[in-house]
Amino acid sequence: MLADRHDDRPSFMTNDQTTTTGDSGQRSANMQWGGRFAAGPAAIMQEINASIGFDQKLWRQDIRGSMAHAAMLAHVGIISGEDAQVIRSGLERIAAEIEEGQFTFSVALEDIHMNIEARLTERIGEAGKRLHTARSRNDQVATDFRLWIRDAIDGLDAQLADLMRALVARATDHAADPMPGFTHLQTAQPVTFGHHLLAYVEMLARDRGRLADARKRLNECPLGSAALAGTSFPIDRRMTAAALGFDRPTRNSLDAVSDRDFALEFLSAASISSMHLSRLAEEIVIWCSAPWRFVSLSDAYTTGSSIMPQKRNPDAAELVRAKVGRVMGDLIGLMTVMKGLPLAYAKDTQEDKEPVFDAAEAWTLSLAAMAGMVRDMTPNTDRMRFFAGSGFATATDLADYLVRALHLPFRTAHHVTGRLVAKAEAKGIDLAELSLEEMREEEPAIGEDVFSVLTVDASIASRRSEGGTAPENVAQQAAWWRDQLKETA
């Protein structure tokens, strides 16, 4: 979805590598620009000005937009129906050429729009020159870019849903398996492994919500805004908007050609989601380490060491963790490009595509890797259970018991529990290993039933409040998410 067969071409290519067959790059450039420029650009200008090295990714969207534009021009009588059909057939043949790797991209023609238009004119003659009537590259690229990001959003949303399904499946399997819950990376209270995994499902659901919001806002069609002021031709912008799946045309031509909020929103959503993936990746790295050994990954998602034969490194998780840096950098980079631009269009916005393409590629790869790891990892439930009770993890349960059974104020119960923790720590034992007499030294009213609340399973089972970690809660939440994800499949 996020790449095509030409993505491995370098951004900077010599004229010899890219000149259109049968014509020189210089001549092609002059023919496109017309009579205003008698001489060609300096070599360095050609290099800095050209975007074909990366914006060729937009070829599908550019052809779709041109087909819709040509059909509209014919519908309102600006071009003939015959010309529109010839244009469509020519664009279909160009699409086939690109799909088959037979299309030669020219740096001299600067961008994907000029490359396709020049090839169309070469193929069909005079009719090809009519295609650009009532539009500009400014509204053309704004439309293409929105279409590309919309397509990317649809694919990424499906990937987010797939990762959610993977997490929900594992959470269902481990709804009752204890693990230590942490704050400050210190043992806090027991939770279940399923509950922990469902926390990431909630994060990913918000990521999907942000994408849905961004998609809704970007789904207005700039085509017909022309360079910045609209056009004097009697075009039907609602027809092209509908043909391309947009909800409506944009309302202001100045904003339409210069706005890149839709790209910034996409990058913002990518940054937040990548941060979520990085947090899960960090946990997988920790869980795989020898002192913890909460989970293990197979050879499919780990690598070895060139010198230490015993090593199995969670490199896939580490790389997902690292990707967030470049995605966030892409967001900051584009925000910096946009921050000082007056209305309307400026060539600065040529720098909008590479960060979006880069972030989308990093994000989709990270989602694929994370879904694979979640399905691949083998939890060590015995070890997680052992550590779930470490670090006096049931201390809060003791304090709650003192409030519930003895009616102590919570702050008083907190202090009593703290003294009992200190006593157990001094003896090198757990709370449940203190004798009843030792407990009564701190609070005489403590009864024998206190020991029933000091087990890991009892602690987990007691957390029945909505959203809590009780196994029945976790199972219900997992089932609810399964149903939600079926509806959005």
*Those residues that are within 19 Å of PHE387 (Cβ to Cβ), surrounded by fewer than 22 Cβ atoms within 10 Å (Cβ to Cβ) and in contact (Cβ under 8 Å) with a residue 60 or more places away in the chain, I need them from region 188-217; list them, please.*
ALA188, GLN189
*Could you grab the pairs with beta carbons closer than 6 Å, sequence gap of 6+ or different chains, first residue in region 398-411 and more than 12 Å from GLU443 (Cβ to Cβ), second one of a type in the set (A, V, I, L, M, F, W, C)?*
PHE410/VAL403
*asked:* Go through region 271-296 and report how many residues are more than 17 Å from GLN159 (Cβ to Cβ), open to solvent by less than 20 Å² (accessible area, probe 1.4 Å) and either assigned to a helix (DSSP H, G or I) or at pLDDT below 95 (or both).
replied: 2
*asked:* Cβ-Cβ under 6 Å, sequence separation 6+ or interchain: first residue in region 298-316 and over 16 Å from VAL374 (Cα atoms), partner open to solvent by less than 70 Å² (accessible area, probe 1.4 Å) and at pLDDT 90 or above. Which pairs?
replied: THR303/ASP315
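How about region 430-457: which of its residues are open to solvent by less than 30 Å² (accessible area, probe 1.4 Å), in a loop (DSSP other than H, G, I, E, B) and hydrophobic (A, V, I, L, M, F, W, C)? Explain how you work it out, then say what you get.
Step one: of region 430-457, the residues open to solvent by less than 30 Å² (accessible area, probe 1.4 Å) are 431, 434, 436, 439, 446-447, 450, 453-454, 456.
Narrowing the set further to residues that are in a loop (DSSP other than H, G, I, E, B) leaves 434, 446-447, 454.
Hits for region 430-457 are LEU434, ILE446, LEU454.
Do we find a residue being aliphatic (A, V, I, L, M), at pLDDT 95 or above, in contact with a strand residue (DSSP E or B) (Cβ under 7 Å, 6 or more places away or on another chain) and assigned to a helix (DSSP H, G or I) anywhere in region 469-476? Spell out the reasoning first.
Step one: filter region 469-476 for residues aliphatic (A, V, I, L, M), giving 470, 474-475.
If we keep only those that are at pLDDT 95 or above too, we end up with 470, 474-475.
Of the ones still in play, those that are also in contact with a strand residue (DSSP E or B) (Cβ under 7 Å, 6 or more places away or on another chain) are 474.
Subsequent filtering for residues that are assigned to a helix (DSSP H, G or I) retains 474.
Yes, region 469-476 has at least one match.
Of all residues in region 161-187, which are among the aliphatic types (A, V, I, L, M) and either open to solvent by 30 Å² or more (accessible area, probe 1.4 Å) or under 30 Å from ILE112 (Cα atoms) (or both)? Reasoning before the result, please.
Quick first cut of region 161-187, residues among the aliphatic types (A, V, I, L, M) only: 161, 163-164, 166-169, 171, 175-176, 179, 185.
Passing the criteria: ALA169, ALA176, LEU185.
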*Which of the residues belonging to region 360-419 are open to solvent by less than 40 Å² (accessible area, probe 1.4 Å), of a type in the set (S, T, N, Q) and over 41 Å from the mean Cα position of the chain (by Cα)?*
THR417
*Tally the residues that are aliphatic (A, V, I, L, M), open to solvent by 60 Å² or more (accessible area, probe 1.4 Å) and out of contact with any helix residue (DSSP H, G or I) (no Cβ under 7 Å at 6 or more places or on another chain), restricting the search to region 323-347.*
1
*Considering only region 460-482, state which residues are more than 17 Å from THR381 (Cα to Cα) and crowded, with 20+ Cβ neighbours inside 10 Å.*
ARG463, ASN473, GLN477, ALA478, TRP481
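Output yes when any residue across region 402-414 is in a helix (DSSP H, G or I) and polar (S, T, N, Q), and no when none is.
Quick first cut of region 402-414, residues in a helix (DSSP H, G or I) only: 402-406, 410-414.
Imposing the further condition that a residue be polar (S, T, N, Q) reduces the set to 412.
The answer is yes, given that some residue of region 402-414 is in a helix (DSSP H, G or I) and polar (S, T, N, Q).
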_Checking the structure you have, find out if any residue of region 158-169 is within 25 Å of ARG215 (Cα to Cα) and among the charged types (D, E, K, R)._
yes
*Having 2 or more residues that are open to solvent by 30 Å² or more (accessible area, probe 1.4 Å) and aliphatic (A, V, I, L, M) is the bar; report the helices (runs of 4 or more DSSP H) wholly within region 38-138 that clear it.*
43-49, 59-75, 81-99
*In region 236-246, is there at least one residue being closer than 30 Å to HIS75 by Cα, of a type in the set (Phe, Trp, Tyr) and crowded, with 20+ Cβ neighbours inside 10 Å?*
yes
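The values are calculated or read from the model by the stated rules, or taken from the named source; none is laboratory data. In this text the structure is predicted, and so the values were computed from the model without any measurement. Cβ atoms come from the backbone with ideal geometry, glycine included; neighbour counts cover every protein chain shown. Just so you know, the surface numbers come from the protein's heavy atoms only, side chains and all, with ligands and any DNA or RNA stripped out. Shrake-Rupley method; radii C 1.70, N 1.55, O 1.52, S 1.80 Å.
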